[in-house]
Amino acid sequence: MEEDCVFCREVIGRRNASIITENDMAISFMDHAPVEEGHILVIPKKHFRDIFTVDEQYYLEVHKMARKLAPIVMKATGADGMNIGQNNGRCANQVVFHYHVHVIPRFCERRLSWDRKGTTAEELERVAKTIKSQLCSVT
Ligand SMILES: [Zn+2]
């Protein structure tokens, strides 16, 4: 736990996020500034800065969770495609320096953009509930 890391402090520590699912090593939650509706993040529960430092077991658990969630998010949002990605370093647009994977549903009729959209905690919680309802139906 790194107290100056927003993911360690707010998501893992205070659970101040719309959490989708978690296990001992990984946790997924709604990105608070989504580029599309249904944009979620998957992170290790232990602090690692980036791809260069993440422990392999945590890396595998994070990516297994992303893979498991991908079809669920597709179905829950009615998306046509999906971006799975992660950024390393400020010049690569990494903003939070705790390893994280973006799961971003995409829609054919919308312009492909990486711009962040404004949203509300209530809206994030609504989308999280929709995704979680799909999660329950497959587990
Ligand atoms: Zn952290």
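Derivation of every value follows stated rules applied to the coordinates shown; laboratory data play no part. Just so we're clear, the structure is a prediction, and the values are computed from it rather than from any experiment. Positions of Cβ are generated from backbone atoms using ideal geometry, with glycine treated the same way; all protein chains shown enter the neighbour counts.
Straight-line cross-link reach from LYS117 at under 16 Å between alpha-carbon atoms covers these aspartates and glutamates, not counting any fewer than eight positions away in the same chain: ASP31, GLU36, GLU37, GLU125. Distance check, please: which entries in LYS75/LYS129; LYS45/LYS75; LYS46/LYS129 exceed 19 angstrom between their Cα atoms? Long pairs (Cα-Cα over 19 Å): LYS45/LYS75; LYS46/LYS129. Axis of helix 121-138 versus longest Cα principal axis of the chain: the two differ by about 80°, to the nearest ten degrees. Note on the chain: Kirkwood radius taken over Cα pairs, Stokes-Einstein applied at 20 °C and 1.002 mPa s, translational D equal to 142 µm² s⁻¹. The distance from the alpha carbon centre of the stretch 1-38 to that of the stretch 43-106 is 12 Å, rounded to a whole number. Across the chain, the mean sequence separation of Cα contacts (distance under 8 Å, 6 or more residues apart), normalised by length, yields a relative contact order of 29 percent.
Given the convex hull over the Cα atoms of the stretch 97-139, what projected area results after averaging over all orientations, in nm²?
5.0 nm²
Sorted ascending by nearby beta carbons within 10 Å, beginning with the fewest, ILE27, ILE84 become ILE84, ILE27.
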